[in-house]
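Heads up, the thing below is written out as structure tokens.
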């Protein structure tokens, strides 16, 4: 039995002739934050959807807590504790914090047939949970629309954790946020990991990823360029790998040669 | 801003979040969707109190009159409001009223069914029509506006064609004699609290007929149904899990789906709700009039939607209230009857209805921006 919470081994995904993913391998331990980096079109979305159970991988295996698993849809992944927070966050801005927090999973009370939504309990839990991450929801019955982007992101993450996530997949959680908001969200992600969650943080922003990540996987044109522990790689190296740095290096050499030839 | 600095000065509140402005009860009330309709209803009553206060509009008889009209509209407006909160429209409400009417009358008069069986038949048809509307909208992803507009024509046409085919005419009279001793019809056809009116009459507190019985005989069934609908709808919306799902489905279909809300089922349920409410409306009216008319309910869908909008429902879904729709219906019912007691030509009613709706939409739009925008 390995000590990895979740392993994705040699995952490939094809759409017709298009190879969307090829031989991508990722392993996460409890409490680890792995950053998945890649430029636009690198295959990040396909990989997330495969991890989340939306797509079935065509090759490779997914091992959750030592057990070889095939996800038969997103609900399967969710039941195994793999929760994905997409960019749209699945929050309804006209609804209150509490109603959003428990959307689809409302606590009930009362006799059968007349079960009611236990709003007091829900309010209490929502306020408590948000309080734990340092967000003082001034009133849990306020509309989510009145919250800031960072607070909304934290609400969506907090909701996923409350409902039993072990592995948290976060799709660009900081991309729409300002510097301060982003740091609030990143701080929360670190805190969640320190409490034993495995986090896959998908981003194209190395500056957000580097301070919080334990390991980094760079994706380029559907292939993994490798996974590096933080001590083995610098921010600059990551950045140049993501941007297809080698191609740029080659380009530079060619330009120099052209210059030399013309003089 | 002044409230903010005050709360910081106040030592007792220093432990609270300094960014929490003291929200007065009034401010909280202002954020409720039904506020506009409540205010409108009060204004309408003040207006008629001044203009028509001495005309008998506010006698027991006059009040029951406009309450009856409001209640009938309210029954369908509440169902329409719930559907709108769930993010959809039903334009087939009016046609469903006509259809339900003949579903009761033809079996009862021409096929010799007992009245209760015809009523159950009409409600079964309503569930089918609602289910069909719902499944069509959910499965095709087409706007409910178009799907139910098609149903508006289909149902009205079928009602006319079938009635003429079976009966050779467009009206089916003769139901009144069947109501007596029917085990089900009384639910839709009995005036209640008669003893109150008899007592009020005996005390000479309300107007009497020449034979000494009170002019207003009891609370009409529509009012009881209206109150029942308002309570049940509000309970569902505010207190149950299903209510949360309705708001979620209307607010953000995809988001709701992603967290496990069965959006499709919720919407189908709401479409069945409007069809059933239309049938309650139809049953009450058919039994009251003693006849079914194929044109009954024409344009009622628009009045119901107007009342829901005045009651604070957003056209985009996810926001609104059943109580608001009830007040919206009360405003329209009161004005449509009250206008007879004034010197104003009744032709102006539609102008009022339109203007009222326009003001409501502008007001709702403002509220929505306030609710959704960041602080």
Filter result for residue A:122 (at pLDDT 90 or above and under 22 Å from residue B:234 (Cβ atoms)): yes
Selection within segment B:248-261 - closer than 13 Å to residue A:104 by Cα and either without any contact (Cβ under 8 Å) to a residue 24 or more places away in the chain or in contact with a helix residue (DSSP H, G or I) (Cβ under 7 Å, 6 or more places away or on another chain) (or both): B:248, B:249, B:253, B:254, B:255, B:256, B:257, B:258, B:259, B:260, B:261
Some residue of segment A:16-33 being touching a residue at least 24 places away in the same chain (Cβ under 8 Å), in contact with a helix residue (DSSP H, G or I) (Cβ under 8 Å, 6 or more places away or on another chain) and in a loop (DSSP other than H, G, I, E, B): yes
Residues located in segment B:136-149, provided they are assigned to a helix (DSSP H, G or I) and loosely packed, with under 15 Cβ neighbours inside 10 Å: B:139, B:140, B:145, B:146
Residue check for residue B:333: buried (at least 20 other Cβ atoms within 10 Å of the Cβ) and within 30 Å of residue B:54 (Cα to Cα): yes
Only one of B:211, B:182 that is over 28 Å from residue B:308 (Cα atoms), surrounded by 14 or more Cβ atoms within 10 Å (Cβ to Cβ) and either more than 14 Å from chain A (Cβ to nearest Cβ) or free of Cβ contacts under 8 Å to residues at least 60 places away in the same chain (or both): B:182
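Would you mind finding the one in B:17, B:54 that is loosely packed, with under 14 Cβ neighbours inside 10 Å, at pLDDT below 85 and over 30 Å from residue A:137 (Cβ atoms)? Lay out the reasoning, then the answer.
Details: B:17 fails: over 30 Å from residue A:137 (Cβ atoms).
Checking each option against the conditions leaves just B:54.
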Boolean, residue A:36 is more than 30 Å from residue B:248 (Cα to Cα) and either surrounded by 15 or more Cβ atoms within 10 Å (Cβ to Cβ) or within 14 Å of another protein chain (Cβ to nearest Cβ) (or both): yes
Residue count for segment A:125-140, restricted to those that are buried (at least 17 other Cβ atoms within 10 Å of the Cβ), in a loop (DSSP other than H, G, I, E, B) and more than 9 Å from chain B (Cβ to nearest Cβ): 4
Options B:311, B:318, B:290, B:264: the member that is more than 30 Å from residue B:176 (Cβ to Cβ) and either surrounded by fewer than 24 Cβ atoms within 10 Å (Cβ to Cβ) or without any contact (Cβ under 8 Å) to a residue 60 or more places away in the chain (or both): B:264
Candidate set from segment A:73-109 (those that are in a helix (DSSP H, G or I) and either on the phi > 0 side of the Ramachandran plot or modelled with pLDDT of 90 or more (or both)); member that is nearest to the other protein chains (Cβ to nearest Cβ): A:99
Any hit, segment A:52-69, residues being within 30 Å of residue B:241 (Cβ to Cβ), within 14 Å of chain B (Cβ to nearest Cβ) and out of contact with any helix residue (DSSP H, G or I) (no Cβ under 8 Å at 6 or more places or on another chain): no
Filter result for residue B:243 (without any contact (Cβ under 8 Å) to a residue 12 or more places away in the chain and crowded, with 21+ Cβ neighbours inside 10 Å): yes
Segment A:110-124: number of residues that are more than 10 Å from every other protein chain (Cβ to nearest Cβ) and either in a strand (DSSP E or B) or under 24 Å from the mean Cα position of the chain (by Cα) (or both): 0
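Please verify whether segment B:268-275 includes one or more residues that are modelled with pLDDT of 95 or more, more than 13 Å from the chain's Cα centre (by Cα) and crowded, with 24+ Cβ neighbours inside 10 Å. Walk me through it before giving the result.
Within segment B:268-275, the subset modelled with pLDDT of 95 or more is B:268-275.
Now narrow it down to the ones that are more than 13 Å from the chain's Cα centre (by Cα): B:268-272.
Next, only the ones that are crowded, with 24+ Cβ neighbours inside 10 Å stay: B:270-271.
Yes; the residues of segment B:268-275 include at least one that is modelled with pLDDT of 95 or more, more than 13 Å from the chain's Cα centre (by Cα) and crowded, with 24+ Cβ neighbours inside 10 Å.
May I ask you to list the residues in segment A:224-262 that are part of a helix (DSSP H, G or I) and within 21 Å of the chain's Cα centre (by Cα)?
Those that are part of a helix (DSSP H, G or I) and within 21 Å of the chain's Cα centre (by Cα): A:230, A:235, A:238, A:239, A:241, A:242.
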So residue B:298, is it within 22 Å of residue B:94 (Cα to Cα), away from chain A (no Cβ under 14 Å), part of a loop (DSSP other than H, G, I, E, B) and in contact (Cβ under 8 Å) with a residue 60 or more places away in the chain: yes
Checklist (1) surrounded by 15 or more Cβ atoms within 10 Å (Cβ to Cβ); (2) part of a helix (DSSP H, G or I); (3) touching a helix residue (DSSP H, G or I) at 6+ places or on another chain (Cβ under 9 Å) applied to residue B:113, failing item: (2)
Residue count for segment B:246-259, restricted to those that are surrounded by 24 or more Cβ atoms within 10 Å (Cβ to Cβ), part of a helix (DSSP H, G or I) and facing another protein chain (nearest Cβ under 7 Å): 5
Within segment A:141-162, tally of residues that are at pLDDT 90 or above and at the interface with another protein chain (Cβ under 9 Å from one of its Cβ atoms): 1
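The values are calculated or read from the model by the stated rules, or taken from the named source; none is laboratory data. Here the structure is a predicted model, which is why all the values come from computation and not from measurement. Note that each Cβ is placed from the backbone with ideal geometry, even for glycine, and that neighbours are counted across all protein chains shown.
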